[in-house]
Amino acid sequence: MSELEKNAVVGDPSNACEKVSHLFLRNVGAYVCELDIEVFRDGQQIHIEGSGDNLCVGQSDEIDVGKYGVKEGETFTAYADIKAGKDRIGDKWVVYDPNANKRANFEAIGTTFINGACKFMGTTNI
């Protein structure tokens, strides 16, 4: 991951306040992607592979981040692993709480190499 990608998340992870247990990504971009996780751990952004499901435009995926090694109280965001293109990291940090009945919703937008983002779209009760 390049330095640009490591620093692509908007905001300070220490300011994360939304508590969620699940992560949701809807692909509305002009590419195929997978939902992965970006965790802030020990002062660093760490990439964690998600379900491995390929999402074509219009498809979505939801994962319980605790099943992928995110620990209670850790901050994380969505990571859209773009196939044959530039990956996108979420623009908002959230906090993992295994007892929260909420998911963080993100949309992967744009094209393979330009105008792309992984936008936070709020939380939803699950």
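The values are calculated or read from the model by the stated rules, or taken from the named source; none is laboratory data. Worth saying up front: this structure is predicted, and the values here are computed from it rather than measured. No Cβ is skipped: glycine too gets one built from the backbone with ideal geometry, and neighbour counts run over all protein chains shown.
General remarks:
- Positions within the range 113-123 being more than 17 Å from L35 (Cβ to Cβ) and either β-branched (V, I, T) or touching a residue at least 40 places away in the same chain (Cβ under 8 Å) (or both), in sequence order: I114
- Filtering the range 91-116 to residues that are among the small types (G, A, S) and out of contact with any Gly (no Cβ under 6 Å at 6 or more places or on another chain) leaves A100, A104.
- On the stretch given as the range 18-37, residues that are more than 18 Å from A84 (Cα to Cα) and assigned to a loop (DSSP other than H, G, I, E, B) total 2.
- Residues being free of Cβ contacts under 8 Å to residues at least 12 places away in the same chain and either surrounded by 15 or more Cβ atoms within 10 Å (Cβ to Cβ) or not acidic (D, E) (or both) - total across the range 37-69: 4
- Conditions (1) over 19 Å from T124 (Cα atoms); (2) modelled with pLDDT under 95; (3) buried (at least 18 other Cβ atoms within 10 Å of the Cβ): number failed by K92: (1)
- Pairing residues of the range 22-36 that are at pLDDT 95 or above with residues that are among the basic types (K, R) and part of a strand (DSSP E or B), at Cβ distances under 7 Å and at least 6 apart in sequence or on separate chains, gives H22/R103; L23/R103; F24/R103.
- Those residues of the range 99-126 which are among the polar types (S, T, N, Q) and either surrounded by fewer than 17 Cβ atoms within 10 Å (Cβ to Cβ) or touching a Pro at 6+ places or on another chain (Cβ under 7 Å) (or both), in sequence order: N99, N101, T111, T112, N115, T124, N125
- Within the option set E72, E107, being in a loop (DSSP other than H, G, I, E, B) and either under 15 Å from S21 (Cβ atoms) or touching a residue at least 40 places away in the same chain (Cβ under 8 Å) (or both) holds for one residue only, E72.
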